[in-house]
Amino acid sequence: MFRSKGSLLALSSLGIAATLLVNATPASAEAKCEPDKVATKYPSIAGKTLKIGQDGESPPYSYRDPKDFKNLLGLDADLARETFACAGIKIEFVTGGWSGLLPAVIAGQTDMMWDTLYYTPKRAEQADFVTYLTAATGALVAKGNPKAIKAMEDVCGKRATAGLGTVEEASFRELSKKCETDGKKEISLVTYPDMPGGTRLIANDRADVMTTDLNMVNSFVKDNPSTFERGFMIVSDYKIAVGYTKGNKDLGQALLDGLTVLKESGKMKEIFEKYNVDYSLARANEILTK
Amino acid sequence: MKTISALLNESRAALPHAILAFLVVTASAAPALAADGPPLKPWQEFLSYIVEPFLLEGALLALQISALAMIGGITLGLGLALMRLSRNAAIRGSAWFYIWFVRGTPQLLQLVFLYDALPPLGIKLDTFTTAVLGFALNEAAFSAEIIRGGIMSVNRNQGIAATSFGMGSFLTLRRIILPQAMRAILPGMSNDVIGMIKGTSIASVIFVNELTFRSQQIVGQNFKFFTVFAAAGVIYLIMTSAISACQALLERRFNIEIDREAGRGSGFTFFNISLFGFGPKPAAPPASVARTPAPATKDNVGAAASLDWIRNITNLTSPEPGNESVPFVVFRNVHKAYGSREVLRGIDLTVNKGEVVVIMGPSGSGKSTLLRLVNHLESLDWGEITVEGKYVGYQRRNNMMRPTRDLAKARADAQIGMVFQHFNLFEHLSAIENVMEAPVQVYGEKPDTARTLALNLLASVGLSQHANKLPHRLSGGQQQRVAIARALAISPRLMLFDEPTSALDPELVGEVLGVMRRLAEAGMTMIVVTHEVRFAQEVADRVVFMDEGLVIEQGTPDEVLGAPKHERTQRFLRMVEREVDPA
């Protein structure tokens, strides 16, 4: 999907090659919210205002509050606020183009990127990760699903669209070859540069199906029920994680503790439901450093 | 019926008002977006987004970044353009390399590099600084080429004329070259400004939340791409219209085709750029200067407005009239070559005070080069030239002539007036401004004093009616008379004329020669390169004939013109006479 653009890796490579190795620490058995103890629990980040990079244009993860554009809403924005309130650490959201968010973390311009970022071992060479969500792909089609696209195989011979350089684009290209060997027609594929651009291809009948993150597809359908519906969904194996400065153990621990507490207290489920994200996609929190 | 251009002009003038009115109406008509209430119609939504503070803040940010980056970029660009025009290959090369590199790499990567690759080196710039710096560094490369193109579009002779009056290279650039280059520079530069305002959107990758990124965020949340993007488009149009209006104003200002007399009061004159020599002018002078004589003071030469004006000037410059056997300009064994071509091959010549020396000879004989060596417009290869016993911009060290550091000052101190074949009047300055330029800018004369002097000088060459005209409105003969007045304005001790009538129509030659004749009669020391045999015959004290970089013969006009000894002189004179008198 959109979140795994190759160009991001190219941009990231401008940063430093990391050599630090950090061990994966499990969450403490009894994690709890103790904002007053921030100085003893997370001494290196206590008293700081942490900068969190988000793009502010990807509902339901990070988007502008329609009632006040200065405010950020979304699953990622709310989880971040709750997690650091629990740790007793001040935060500040900085918004920028998605592809610039991880390079900024690597360069030390921000402390973390919390914006539907996939963990990959390659990215873990330059940043550390705490997982919290399982990725899933959704297929957006026009209302009434006129081309009856109900599974990936149905896309053969149709007009498909995916973000440029994404895993979805690659999987459509692969599928197209398979369609031909199976004696079906190939896929006619166009790529889009930004998500709203992709949805307009479907709305204007320039493409039959668009694949991207499941929850974004759900969000588009919910907001525009007379234009779109979901053709199908696939749960993938990608881990969605918070990416933070390589080697910042206190920050990793604060993220891990906070997310664990949110899950145990039921607060996380509440936030998922608020943004219509399937709670079964929430996954075990773990620190990944390589 | 109105012409299209008239309509365009009106609409251009009306544009700022129209924008203002539009904004006021929009703001009052637009319902608040965030208020709870009945859903808005698309047009209401569109209007609301135009005045949405969240978007306008983004627009302001784009403007701030563009303004600062443009200032930095143009400043750097001017420096780079001058480096590109340098004679030093290393300086030229490094400017070329910078431009090649910056123009050749994507700006997105430059921004990401500044923002994300410098912190490990200990340089951590914030978002705004990075954007301003990044855009400025990028703009420098582009504007350098635009400015260089502008400078190259200005005739080289403009700079040579300025140099001959002792104007330094920076002064020449500021007063003469850049104002004329502006016409070529402005359209390209406006393109860059508009491009930059819109292009700041790529800086979203380094967390710059400008207009496009903010509108994308709103669309990302509500999918109303049509109304939001249309509103953003209108905001961009308003900003870029302002730039286009500025461009129109500035182009008018720097357009020398428009008579400035007519341009006055057109509504554009509030734009005063005195930096570039377009300062406000006092009211027009009285029609007849002769009727209002000013007292003749030391600073106010020629202001007596009497008929023997030139005598006034020369009286100042030659306190001992009549002492005509004093050597004034002395050439000793002068050599000059361009590459392997030897132009002057050992010239020995003396010009006495108050003497009029006419130099003749076929083209390529080195006459003009010899003149240019006198006021150090060209450098000597060998030998020496003294004016009133002093070198102009040379020091003798270890028996070698070495140019001094401040050549412009040396030329100014020498007070040598020069008149060129192609007049070389400063095209963007009126006749009187041309005459005032060197006294005010080089000699520090007060503008009022210089103006009085200039008016008197223009009156004496018969051009008081044309004082406020730009050169291109004048005939060739009139232009050359302005050029003579301009040369006289620096109270010259020596006048150099480089084929002053060769570019003129035959019927205009007389008026110029008339002025020169009176100057000679007044006792001015003059070296004149010309083919005008009659002028030489009647006015010259001595005629020097040159061929192939050597003085072949010299003597009184009667000797050289009446009974030339050398075969080459005879042949040349036969040719010239045939040209002048084909009958």
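A short reminder: the numbers here are calculations on the coordinates, not readings from a lab. Source: prediction; values computed, not measured. Neighbour counts run over all protein chains shown; Cβ positions are idealised from the backbone, glycine included.
Would you mind pulling out the separation of the Cα centroids of region B:355-380 and region A:124-171, in Å?
82
Taking neighbour counts of Cβ atoms within 10 Å as a proxy for exposure, in what order, fewest first, do A:289, A:120, B:452 appear?
Ordered by Cβ neighbours within 10 Å, fewest first: A:120, A:289, B:452.
Please give the length that would be gained between residue A:170 and residue A:276 if that part of the chain were fully extended, namely 0.36 nm times their separation in residues minus their C-alpha to C-alpha distance (nm, one decimal). Intermediate values should be presented prior to the final figure.
On the way: separation 106, 0.36 × 106 = 38.16 nm, distance 2.80 nm.
Net length gain for the segment: 35.4 nm.
Going by a ≥ b ≥ c, the root eigenvalues of the Cα gyration tensor, does region A:150-250 fall in the rounded group (a/c under 1.5), the prolate group (a/b larger than b/c) or the oblate group? Could the numbers behind the result be given before it?
On the way: a/c = 2.15, a/b = 1.42, b/c = 1.51.
Oblate is the answer for region A:150-250, as a/c is 1.5 or above yet b/c matches or exceeds a/b.
Per residue of A:100-106, count partner chain C-beta atoms within 10 Å of its C-beta, then hand back the mean as an integer.
Partner Cβ neighbours, averaged per residue: 5.
Points 7 angstrom from Cα along the Cβ direction at residue B:234 and residue B:41: gap in nanometres?
1.4
Calculate the dipole size of region A:131-286 relative to its Cα centre from +1 charges on Lys and Arg beta carbons and -1 charges on Asp and Glu beta carbons; express the result in debye to the nearest 20.
Dipole about the Cα centre, nearest 20: 220 debye.
Put a dot 7 Å past each Cα toward the Cβ at residue A:222 and residue B:503; how far apart are the dots in nm?
So the label points at residue B:503 and residue A:222 sit 7.8 nm apart.
Could you please rank A:272, B:165, placing first whichever residue has the fewest other Cβ atoms within 10 Å of its Cβ?
Ranked by crowding around the Cβ, least crowded first: A:272, B:165.
To the nearest Å, what is the center-to-center distance of region A:44-74 and region A:176-227, using C-alpha atoms only?
28
In which sequence would A:230, B:214 go, from the one with the fewest C-beta neighbours within 10 Å to the one with the most?
With the sparsest Cβ surroundings first, the list reads A:230, B:214.
Two-decimal Rg/Rh of chain A from alpha-carbon positions, Kirkwood Rh? Provide the component values of the computation, followed by the final result.
Working: Rg = 19.7 Å, Rh = 19.8 Å.
Across chain A, the Cα-based Rg/Rh ratio is 1.00.
Classify region A:121-162 from the C-alpha gyration tensor, please: rounded if a/c falls under 1.5, else prolate or oblate depending on whether a/b exceeds b/c.
Cα axes put region A:121-162 in the prolate bin.
What average count of beta carbons from other chains do you get within 10 Å of the Cβ of residues in B:109-120?
Taking all residues of B:109-120 together, the mean is 5.
Under the rule a/c < 1.5 gives rounded, and otherwise a/b versus b/c splits prolate from oblate, where does region B:384-494 land using the Cα gyration tensor?
prolate
What fraction of the DSSP beta bridges in chain A is antiparallel, stated in percent and rounded to the nearest 5?
Among the beta bridges of chain A, antiparallel pairing accounts for roughly 65 percent.
Give me the distance between the Cα centres of region B:393-420 and region B:61-106, rounded to whole Å.
Using only Cα atoms to place each centre, the spacing works out to 33 Å.
Cross-link candidates for residue A:249: which lysines have Cα within less than 19 Å, leaving aside residues fewer than 8 places away along the same chain?
Those lysines meeting the cut-off are A:32, A:37, A:41, A:48, A:51, A:90, A:290.
Cross-link partners among lysines for residue A:222, C-alpha distance below 24 Å, same-chain residues fewer than 8 apart left out?
Cα-Cα hits under 24 Å: A:67, A:70, A:143, A:147, A:150, A:267, A:269, A:274, B:41, B:224.
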